[in-house]
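Here the structure is laid out as structure tokens; the discussion comes afterwards.
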Amino acid sequence: MNFLARLKKLTTLFLLGINILFSTISCVNLSKYLPASLFADSHDRKTNSIAEELRSIDGVNCIPHISSYDVATLINVIDGDSIRVAIQGTIFEVRYIGIDSPEFDSEQRHAAVEAAYANEKVLSSSILYLFKDKSNSDKYGRLLRYVISGGKFVNLELVRSGHAQAKTYFPDTSCHLTFDHANDK
């Protein structure tokens, strides 16, 4: 067998092996196949200066441990009180703590659509700061977080605009008085 025939055979075997390898992968971290620039890096932050900047945002004084946060990249808005984000290359659903917006599959469908649009509008930046209260996640596996985007406390802004209502979910109640006060205005 000449050199070109052997090279062609090896190339065919190599490509076949690559196809088999990729076709057998069933559960993978999505970040391996997407550009790194899509994901914010939580480790590459200037914690002190950012924490000081975050403390100056209206209403955030209720957030426990404001200097402890995750940096996330917005993937998409799910509804008026939920979003999908990437944190260090892993995709998560996030449910806003302390608020509730109308559901799409209810009689308030129109209000739900408006709440989702308002959520999208207040998320002016694709870089988000996520803060935990007591619980890490809910029974559906969604992260429970207070969210800051573009210098705005998203949870509070949605209550202030009337697109969400303050709702207490124990044990995550650090901001319930702030949200109740905004609800009453």
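The values are calculated or read from the model by the stated rules, or taken from the named source; none is laboratory data. Note that the structure is predicted; figures quoted are calculated from it, not measured. All Cβ positions, even for glycine, are placed from backbone atoms using ideal geometry, and neighbour counts span all protein chains on display.
Anything in the range 115-165 that is among the hydroxyl-bearing types (Ser, Thr, Tyr) and assigned to a strand (DSSP E or B)? List them, or say none.
Selection gives TYR129, SER137, TYR146, SER149.
Taking the conditions exactly as written (of a type in the set (A, V, I, L, M), farther than 15 Å from HIS163 by Cα and touching a Leu at 6+ places or on another chain (Cβ under 8 Å)), does VAL94 satisfy them or not?
It is true that VAL94 is of a type in the set (A, V, I, L, M), farther than 15 Å from HIS163 by Cα and touching a Leu at 6+ places or on another chain (Cβ under 8 Å).
Would you point out which residue out of PHE153, PHE131 is farther than 18 Å from GLU114 by Cβ and in contact with a Pro (Cβ under 9 Å, 6 or more places away or on another chain)?
Step by step, each of PHE153, PHE131 is checked, and only PHE131 is farther than 18 Å from GLU114 by Cβ and in contact with a Pro (Cβ under 9 Å, 6 or more places away or on another chain).
Name the residue that is farthest from TYR169 (Cα to Cα), counting only residues in the range 66-103 that are part of a loop (DSSP other than H, G, I, E, B), touching a strand residue (DSSP E or B) at 6+ places or on another chain (Cβ under 9 Å) and free of Cβ contacts under 8 Å to residues at least 60 places away in the same chain.
Checking each candidate, the answer is GLN88.
Okay, residues lined up against (1) of a type outside the set (Asp, Glu); (2) surrounded by fewer than 20 Cβ atoms within 10 Å (Cβ to Cβ); (3) modelled with pLDDT of 95 or more; (4) farther than 15 Å from ILE57 by Cβ:
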{"position": "GLY98", "(1), (2), (3), (4)": "yes, no, yes, yes"}
{"position": "ASN119", "(1), (2), (3), (4)": "yes, no, yes, yes"}
{"position": "GLY150", "(1), (2), (3), (4)": "yes, yes, no, no"}
{"position": "PRO171", "(1), (2), (3), (4)": "yes, yes, yes, yes"}
{"position": "LEU177", "(1), (2), (3), (4)": "yes, yes, yes, yes"}
{"position": "ALA182", "(1), (2), (3), (4)": "yes, no, no, no"}
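Return yes when VAL85 is farther than 14 Å from VAL154 by Cα, buried (at least 20 other Cβ atoms within 10 Å of the Cβ) and among the β-branched types (Val, Ile, Thr) and no when it is not.
Spelling it out, VAL85 is indeed farther than 14 Å from VAL154 by Cα, buried (at least 20 other Cβ atoms within 10 Å of the Cβ) and among the β-branched types (Val, Ile, Thr).
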